[in-house]
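Asks: Got a structure for you, questions after.
No lab work stands behind these numbers, since they all come straight from the coordinates. Bear in mind the structure is a predicted one, so any value in this text is a computation, not a measurement. Using ideal geometry, Cβ is built from the backbone for each residue, glycine included, and neighbour counts are taken over all protein chains shown.
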Amino acid sequence: MVIESPFSGLSLKEQVRPHLQRDRFTVEELKLLFASLQPNMRRPYYYWLPWLGLFTGARLEELCQLHLSDIRQEGEVWILDINSKDEKRLKTPAAERLVPIHSRLLDLGFVGYCEGLRHRGETRLFPELKHMRDGYGQTASKWFARHRETIGVEKPFHSLRHTFVDEMRQLGADHKKIAALVGHADESMTGGRYGKPFRPEVLRPEIEILKFSF
């Protein structure tokens, strides 16, 4: 008599292609989302997290756990230093990277926002977000889920990362530089084993090709 099925523990192979598992935002959805954001929103992260997600491709937790010391100039380039120092955690070792801050974020006053926090003696980019069981992003994730439901947008925050990657691809950006910007490992022998990370001044022209019309 068979006590346990020989198929126990097995699962069907995923049939959905990776690029369809979490879709990118459409132009209409982006307009709807960003029209709903105002600089004077009750919590600064309500405003800044979607903008940062769209123009850096960073994961929500990577953004929520940033320290103000992680926003600085490298030469003439303003960057986000995404790292695993102190209490911060990253998904993979390759996720550690320097991401140039897009000129759209600079024009919106992101550096001024950071300087205001420094003047107040804060040390974290979003001091109102507290570390919880699932990290700093737990509260922000719940807020975004409520907000997108209110405005009639179905896609999660992570779809901003997919939007960033797909838009860069469609505009002809170098795939290795896209990978470097979003923290994916370079699997090639030449780039992965012997190559140094791209410098911010090399990545800045690549990220600046992003132009959203809203």
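Asks: Taking the dipole about the Cα centre of the chain, with the C-beta of Lys and Arg at +1 and of Asp and Glu at -1, give me whichever of Ala94, His162, Met132 is farthest to the positive side.
Replies: Of the listed residues, the answer is Met132.
Asks: Sticking with this structure for a sec: Who wins for biggest fluctuation among Trp143, Trp78, Trp48 in a Gaussian network model of the chain, springs between alpha carbons below 10 Å?
Replies: Maximum fluctuation in the GNM of the chain, among the listed residues, is at Trp143.
Asks: List the pairs from Lys85/Lys142; Lys155/Lys196; Lys85/Lys196 whose alpha-carbon separation is above 31 Å, in the order I gave them. Intermediate results must be reported in sequence, preceding the final value.
Replies: On the way: Lys85/Lys142 25 Å; Lys155/Lys196 35 Å; Lys85/Lys196 20 Å.
Check vs 31 Å cut-off fails for Lys155/Lys196.
Asks: Could you calculate the contour length gain from His158 to Asp134, that is, 0.36 nm times the residue separation minus the distance between their Cα atoms, to one decimal place in nm? Present the calculation step by step, with values, prior to reporting the outcome.
Replies: Details: separation 24, 0.36 × 24 = 8.64 nm, distance 1.57 nm.
Extending this stretch completely gives an extra 7.1 nm.
Asks: Further question on the same structure: Given only helices, namely DSSP H runs of n ≥ 4 each adding -39500 (n - 2.57), what is the per-residue ellipticity at 222 nm of the chain, to the nearest 500 deg cm²/dmol?
Replies: Numbers: 10 runs with 90 residues, N = 214.
Estimated from H runs of four or more residues: -12000 deg cm²/dmol.
Asks: Taking the 0 to 90 degree range and rounding to the nearest ten, how far is the long axis of helix 158-170 tilted relative to the main principal axis of the chain, both from C-alpha atoms?
Replies: Approximately 80 degrees, to the nearest 10.
Asks: Still on this model: Taking 30 Å as R0, compute the FRET efficiency from the Cβ-Cβ separation of Asp166 and Leu106 and round it to 0.05. Can you show the working numbers first?
Replies: Working: r = 23 Å, r/R0 = 0.78.
The value I calculate is 0.80.
Asks: I need two numbers for the stretch 75-130: Rg to one decimal and Dmax as a whole number, Cα atoms only, in Å.
Replies: Considering the stretch 75-130 through its Cα atoms, Rg and Dmax are 12.9, 33 Å.
Asks: Can I ask one more? Helix 110-119 against the longest principal axis of the chain: what's the angle in degrees, Cα atoms only, rounded to the nearest 10?
Replies: It is inclined by approximately 70 degrees.
Asks: If the chain between Glu87 and Val27 were fully stretched, how many nm would it gain, using 0.36 nm times the residue separation less the Cα-Cα distance?
Replies: Values: separation 60, 0.36 × 60 = 21.60 nm, distance 3.63 nm.
Residue separation times 0.36 nm, minus the Cα-Cα distance, leaves 18.0 nm.
Asks: Can I ask one more? I want to verify the translational diffusion coefficient of the chain in µm²/s; compute it with Stokes-Einstein, Rh as the Kirkwood radius over Cα pairs, at 10 °C and 1.306 mPa s. Kindly include the intermediate steps, with their values, before the conclusion.
Replies: Numbers: Rh = 18.7 Å.
The calculation lands on 85 µm²/s.
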